[in-house]
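Colleague: For reference, the structure I am asking about is given below.
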Amino acid sequence: MELYSLLVFHTIATERSFSRAAEKLLRTQPAVSLALQRLEQELGERLIDRSGKELILTDAGRIVLDYARRFQSLVHELDNSLAELRDNSAGRLTIGANESTTLYLLQHIERYRELYPKVKVQVRRSLSSKIPTELLDGNLELGAISYDPADERLKSKVIYTDSLAFVVSPKHRLAHRKTVGISELGSETFIAHNVVSPYRELVLREF
């Protein structure tokens, strides 16, 4: 079923005249009549009683008119939604991040939501190492990672500067030292992230 046929029927039923409907649709009267005939043939129902001086809707016509009005409303909603999307005021923004980098995104997401309240922001839990690939594959619009992806196909912007800290118990022999040489740490036992990550690689490189 073509939406145009429903539009023609909706206009005829609203205007109660083939000629006025044709004028409003900028079509000839025969073209409007033909569009209605095609719709009636497709539905297998007569929609308008043409026997009298005035156009009267049949029972089937009243039902179809109700649905035609709903379709018209949906078309208007679709046009408005697309217009908002073109203005960057609606849609969906999917961001990839892991647990730690998500914390640094909160203030930026809050500000973004103030600017574009109709955009649905979704933060998807992802491994940091896989986010660049997901961006290139089109699964994400934005990613938050703690390293430079070193890929010319991606653009990156620093939103937060952080540092790694060496944490020990207050009773540890190094607890009150302001600086500790890396060679002194060689004999220490570390609890560290055991998943491949930029942080882990950075520590291994230093050692």
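Colleague: Tally up the residues in the range 120-176 that are among the aliphatic types (A, V, I, L, M), in contact with a strand residue (DSSP E or B) (Cβ under 8 Å, 6 or more places away or on another chain) and more than 16 Å from SER197 (Cβ to Cβ), please.
Modeller: So the answer is 5.
Colleague: Here is a list of conditions, (1) assigned by TED's automatic domain parsing to the domain that holds ILE95; (2) in contact with a helix residue (DSSP H, G or I) (Cβ under 9 Å, 6 or more places away or on another chain), and HIS193 meets all of them except one; can you say which number that is?
Modeller: Failed condition: (1).
Colleague: Name the residue that is surrounded by the most Cβ atoms within 10 Å (Cβ to Cβ), counting only residues in the range 87-130 that are closer than 22 Å to ASP148 by Cβ and small (Gly, Ala, Ser).
Modeller: So, considering only residues that are closer than 22 Å to ASP148 by Cβ and small (Gly, Ala, Ser), the one surrounded by the most Cβ atoms within 10 Å (Cβ to Cβ) is GLY96.
Colleague: Here is a further query. Against the condition exposed (fewer than 12 other Cβ atoms within 10 Å of the Cβ), of a type in the set (S, T, N, Q) and either free of Cβ contacts under 8 Å to residues at least 24 places away in the same chain or assigned by TED's automatic domain parsing to the domain that holds TYR104 (or both), how does SER169 come out, does it pass?
Modeller: yes
Colleague: Mind checking whether some residue in the range 141-155 is within 23 Å of VAL203 (Cα to Cα) and exposed (fewer than 12 other Cβ atoms within 10 Å of the Cβ)?
Modeller: Checked against the condition, which is being within 23 Å of VAL203 (Cα to Cα) and exposed (fewer than 12 other Cβ atoms within 10 Å of the Cβ), the range 141-155 yields at least one hit.
Colleague: Something else now. Here is a list: ARG124, ARG153. Which entry is touching a helix residue (DSSP H, G or I) at 6+ places or on another chain (Cβ under 9 Å) and outside any loop (DSSP other than H, G, I, E, B)?
Modeller: Details: ARG153 fails: outside any loop (DSSP other than H, G, I, E, B).
From the options ARG124, ARG153, the qualifying one is ARG124.
Colleague: Could you list, in sequence order, the residues of the range 106-119 that are among the hydroxyl-bearing types (Ser, Thr, Tyr) and either within 20 Å of VAL195 (Cβ to Cβ) or touching a strand residue (DSSP E or B) at 6+ places or on another chain (Cβ under 7 Å) (or both)? Spell out the reasoning first.
Modeller: Filtering the range 106-119 for residues among the hydroxyl-bearing types (Ser, Thr, Tyr) gives 112, 116.
Once the filter is applied, which keeps residues that are among the hydroxyl-bearing types (Ser, Thr, Tyr) and either within 20 Å of VAL195 (Cβ to Cβ) or touching a strand residue (DSSP E or B) at 6+ places or on another chain (Cβ under 7 Å) (or both), the range 106-119 yields only TYR112.
Colleague: Among the residues of the range 44-60, is there at least one that is closer than 18 Å to LEU3 by Cβ and either of a type in the set (Lys, Arg) or under 39 Å from the mean Cα position of the chain (by Cα) (or both)?
Modeller: The answer is no, given that none of the residues of the range 44-60 is closer than 18 Å to LEU3 by Cβ and either of a type in the set (Lys, Arg) or under 39 Å from the mean Cα position of the chain (by Cα) (or both).
Colleague: Looking only at residues in the range 131-152 that are in contact with a Ser or Thr (Cβ under 9 Å, 6 or more places away or on another chain) and of a type in the set (Asp, Glu), which one is nearest to ILE109 (Cα to Cα)?
Modeller: Ranking the qualifying residues of the range 131-152, first place goes to GLU141.
Colleague: Can you tell me how many residues in the range 64-100 are touching a strand residue (DSSP E or B) at 6+ places or on another chain (Cβ under 9 Å) and among the aliphatic types (A, V, I, L, M)?
Modeller: So the count comes out to 7.
Colleague: Just the residues that are acidic (Asp, Glu) and either part of a loop (DSSP other than H, G, I, E, B) or modelled with pLDDT under 80 (or both), please, taken from the range 166-200. So that I can check it myself, show each step before the final result.
Modeller: First, the residues of the range 166-200 that are acidic (Asp, Glu): 184, 188.
Within the range 166-200, just GLU188 meets the criteria.
The values are calculated or read from the model by the stated rules, or taken from the named source; none is laboratory data. Treat the numbers as computed from the prediction; the structure is a model and nothing was measured. Here Cβ is always computed from backbone atoms with ideal geometry, including for glycine, and neighbour counts include all displayed protein chains.
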